[in-house]
Amino acid sequence: MKLLVTGGAGFIGSAFVRMAHGSGFEIVNLDKLTYAGNPENLEAVEGKAGYRFVHGDICDAALVEGLLEEARPEAIVHFAAESHVDRSILSPDAFVETNVRGTFTLLEAAKKAGTRKFCHVSTDEVYGSVEAPHEATEEDALRPNSPYSASKAGSDLLVRSYFQTYGLPAVVTRASNNYGPYQFPEKLIPLMILNAMENRPLPVYGDGQQVRDWLYVEDHCRALMAVLEKGRAGETYNIGGNRSLANLEVVRRVLESVGRPETLIQYVRDRPGHDRRYALSSAKLMNETGWAPEVSFEDGLSETIRWYRGHPGWIERVRSKEYREYYAANYSGRGLKKSETL
């Protein structure tokens, strides 16, 4: 099968490209290469038969339509998105443009091209904060609370509408918090790993008791492969790691694994509109496809730390001037001293 993957140079997208290419899929990867897109993530497939990279924007209708007409992929796997909540609070316009308009552009092109399957990769954040002990199911209402999650909920609904109105064979997947090698260091786990390794303060929002479900990125990619094979058009599938932990507990485990003291933890002003708890039921996906998460949080965290320790050059290159400016702007405004930022 030939796939068009959007955002395949990002963290989850590149992991999927590596896995799918290794499983015999032919891949055309369309990526704009924004700050979080990194060609180094794809060195394992670059130059190999069955892999092609296209530098471009999913909002460019002429480019997308021309690519679908030329490449004729059987399926589209749509990762491309602005994805960091803090950045969406600072600059929400980019999130509406890419996540909503970009998805619309892809859907229009897929409809015209007669694409056989459209897999839209979304997030558990569209459900908003979930009261314990409930786990969100695919039937739950969408209650997004950040510009990021609202833009993803909007794109989810667009995908649903193209199935209901035009018969486009589309599926939506909603995954919990991913982690693993190659993740951009603005996200919780890589940020804490790198700060701990460098004896810098580990900024924890509020009281640190926000609960997240953690999913190792390769487990997520295997779930997407299962959805491509067995997922039913018009359906939504939750993908959870079945491991809920408070953010503070995750930070403590990182410090313990890296061998640094808990005195490095620094509590900072909480994020506006911060959801207290995310939790997903993956029962539908497991029952219909046989998928289940395989990597424990302990093993996944250990592998992730090992990878970051072994790739100092990659770390230095991704922590560009733009990233350092964002880090200083975000965390100095929350109480982290300027001297304590990157």
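Test Ser149 against the stated conditions and say whether it is within 23 Å of Asp93 (Cα to Cα), outside any helix (DSSP H, G or I) and touching a residue at least 40 places away in the same chain (Cβ under 8 Å). Answer is no for this residue.
Summed over segment 246-274, the residues that are under 15 Å from Val130 (Cβ atoms) and in contact with a Phe, Trp or Tyr (Cβ under 9 Å, 6 or more places away or on another chain) give a count of 1. Scanning segment 182-208 for residues that are outside the structural domain of Glu294 (by TED's automatic domain parsing) and of a type in the set (S, T, N, Q) yields a count of 1.
Looking across segment 69-84, the residues that are surrounded by fewer than 22 Cβ atoms within 10 Å (Cβ to Cβ) and not in a loop (DSSP other than H, G, I, E, B) come down to Glu69, Glu70, Ala71, Ala75. Identification of strands (runs of 3 or more DSSP E) wholly contained in segment 159-217 with 1 or more residues that are in contact with a Pro (Cβ under 9 Å, 6 or more places away or on another chain) yields 177-179, 211-216. Just one of the numbered conditions (1) surrounded by 18 or more Cβ atoms within 10 Å (Cβ to Cβ); (2) among the basic types (Lys, Arg); (3) more than 18 Å from the chain's Cα centre (by Cα) is not true of Arg116: (1). Yes or no: Leu191 of a type outside the set (Ser, Thr, Tyr) and either surrounded by fewer than 20 Cβ atoms within 10 Å (Cβ to Cβ) or over 24 Å from Ser281 (Cβ atoms) (or both)? Yes: the conditions hold for Leu191.
If you check Arg276, Arg317, Arg269 for being surrounded by fewer than 16 Cβ atoms within 10 Å (Cβ to Cβ) and farther than 16 Å from Leu188 by Cα, only one passes: Arg317.
This table checks each residue for (1) aliphatic (A, V, I, L, M); (2) more than 22 Å from the chain's Cα centre (by Cα); (3) farther than 28 Å from Glu322 by Cα.
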site: Arg18; (1), (2), (3): no, no, no
site: Tyr51; (1), (2), (3): no, no, yes
site: Leu90; (1), (2), (3): yes, no, no
site: Leu107; (1), (2), (3): yes, no, yes
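Just so you know, in segment 192-229 the residues that are among the charged types (D, E, K, R) and either in contact with a Ser or Thr (Cβ under 9 Å, 6 or more places away or on another chain) or modelled with pLDDT under 95 (or both) include one that is nearest to Arg18 (Cα to Cα), and it is Glu229.
Going by the conditions given, is Thr137 among the β-branched types (Val, Ile, Thr), under 28 Å from Ile315 (Cβ atoms) and touching a residue at least 12 places away in the same chain (Cβ under 8 Å)? No; evaluated as a whole, the condition is false for this residue.
From the list Thr103, Thr115, the lone residue that is closer than 22 Å to Gly167 by Cβ, assigned by TED's automatic domain parsing to the domain that holds Ser146 and assigned to a helix (DSSP H, G or I) is Thr103.
The values are calculated or read from the model by the stated rules, or taken from the named source; none is laboratory data. What you see is a predicted model; the values in this text were computed from it and never measured. Cβ sites come from the backbone with ideal geometry, for glycine too, and all protein chains shown count toward neighbours.
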